Structures are given as structure tokens and as C-alpha cells.
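Let me begin by presenting the structure, written as C-alpha cells, before commenting on it.
The values are calculated or read from the model by the stated rules, or taken from the named source; none is laboratory data. Keep in mind the model is a prediction, meaning the values are calculated, not measured. Positions of Cβ are backbone-derived with ideal geometry, glycine not excepted, and every protein chain shown enters the neighbour counts. Heavy atoms of the whole protein, side chains included, go into the accessibility calculation; ligands, DNA and RNA do not. Shrake-Rupley method; radii C 1.70, N 1.55, O 1.52, S 1.80 Å.
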Amino acid sequence: MKPSIAKVIFILGLGILAISTASIWSRLAFAAAGKREVGFSLVLAASRLSLASLILVPTWRYIPRSPDWKKALPYAIAAGVFLGIHFACWISSLAYTSIAASTALVTTNPVWVALISWVWLKEQISRKTIAGIAIALTGSLVIGLADSGNHAGSNPLLGNFLAIAGSWAVSFYLLLGREAQKRGLTVNSYGAIAYTTAAIVLLPMPILFGSSYSGYPTPVYLYILLMALLPQLVGHTSFNWAMRWLSPTLVTLSILFEPAIASFLGYLVFREIPPAQVFAGAVVLLTGVGIAAMGERRSRP
């Protein structure tokens, strides 16, 4: 049964709020551990996915064992691989370029989702949607680069490429997840398979960077648990569910609200006042999402 548009918007909005807390928990975990290195970042990513996978273990018994399930399984596994690649690339990019530049580049996924949907899924894109994408991305870039300053990192070219690669990976993750659900997997079953696959991909990576999963202060593990519950389970699962009822382009455009909400949460928690450009960028972003949404409605029957 198709849910009402109000329900879809509510759950998608809840997911955006949840995923916007990821930077807060990460910042608190960095502070508690006294570390800001690639290996520890990968510990956070692998741990959050592993915990999310363990929480979803009970749902494995409800995965349908039918011919349709066998058709959906490769899509769910492939989505999990791309999710792991996304985290590995994006978090590693933070070691080489500024956080602002990395975040701005990794949120370019609406462009790649729209292009992949057009080429692979043969979905039509209206001119208004294209214009909305361009405007929304402009707003996202303004927000991301507003306070980048001169902290470009040790190798900006490599870091920027890794951030873009992370955006490509998450675009495939969202689209493959949509196909897995269309082929019979429930959102919980799909999440259990995809998150477990991503965790398996990520688990050995911190070791390769000389980091350990143990020996950190207790608050670090509390923040990891919160990352697993909110940004991962609530945030990502809400997006995966919404992909069944909205176009991939519109769902990924909504994720562009994250920089604005994260900036507001940063002010509440850390009393960080964003530059005026952040507020200007948020207005541009909202305008672009609204135009794209109107374009999506007109292009669909």
C-alpha cells in the first residue's frame, strides 16, 4: 500500500535530521579520543556500520526465501559494497583536504544520481528539475566553502578526488538499494544485508592504518552507538525507504539540507556561529530543492 505524501515527507525529514547529527557525534568522539587521524575516522565508520548490522540481525529471519529474493540479493550486496567504499573514500578525503571542501564535493550526488538514472534506468529529467539541481548544488557549495579558509590540507587534489569518488559510490548505493527493494526486499531486510556487507568491507581498514578498535575512553563508544542508531539506522534507512516512493533525484536533493541543519546543531552544541554565507547558501539550497520538486511532479504521471 502506497503511503501518503505527508508520511513520506515526514519520514524523509526525520531521516535528514538524524543524518545531520553525524558530524556532532564525530566531533565529540574526536574530542573524547584526542585523535583526528584517518585510522580513527575509519574506526568510527566501521564501528557504526557493524553496530547497525548487529541491531538488524533479528530481521534476517524475515528475509523472504523466494526466487524474487535471489534476484534482489545481488543488488543489496552491491549496494553494501558501494556504501563501504563511500565511507572509506569520504572519510579518507578528510586527511588531505578541508572538511568544508570534502563535504561540499561529497554532496554533489544529486548530479550523479540524476545522470545514472537517465542513462541506466531511462528516467526522464525535466528542465525544471535540472535547473533545481544546479541551484541546489550552488547553495550546497556556498555552505560548504563559506568557512574553508586556507586549511586546504596536505594534498587537496587527492582529497577532492576522494570526496567526489565518495559521492559516486553513495549514488550507486542509493540506486542499487532502490532496485533491491523493488525486487522484493523490505527496507529492514535490505538494510541488514547492505549494512553488513559495508561493515565487512570496512572492518579491516583501520588495522591497515595502524589503528585499534579498543583502548578509547568510554564516551567514544557511546558516541559510536549514537552514530549507529541515529545517522545510520534512522537516517540511511529513512532514505532507503523513501527511495521506493520518490524519485532518486528528489531524495538525494533533500539530503542537501544536511549542511544547513548540521551548522545549526553546531551552534547549539558548540556555540559555533556560521558565517553569513552559510545562511545565504541555505536560502539558495531551499530554492533549488523547491524548483526541482515542482519539476519532478510535472514530469511524473
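General remarks:
- Computed over protein heavy atoms with a 1.4 Å probe, the carbon and sulfur contribution to the accessible area of the chain reaches 70%.
- Principal semi-axes in Å for the chain [√(5λ), Cα gyration tensor, largest first]: 28, 26, 17
- For the chain, calculated [θ]222 nm from helices alone, where every DSSP H run of n ≥ 4 adds -39500 (n - 2.57): -23500 deg cm²/dmol
- For the peptides 1-11, 49-59, the ranking by packing is 49-59, 1-11, with the highest mean count of neighbouring Cβ atoms within 10 Å listed first.
- Along principal axes, Cα extents of segment 1-77, largest first, whole Å: 49, 32, 21
- Surface exposure of the chain, expressed per residue as accessible area with a 1.4 Å probe, stands at 47 Å².
- Under 16 Å from the LYS35 label point (7 Å along Cα→beta-carbon), backbone N, segment 202-223: 203-223
- Here segment 163-301 is treated as a Stokes sphere of Kirkwood radius computed over C-alpha pairs; at 37 °C and 0.692 mPa s its diffusion coefficient rounds to 185 µm²/s.
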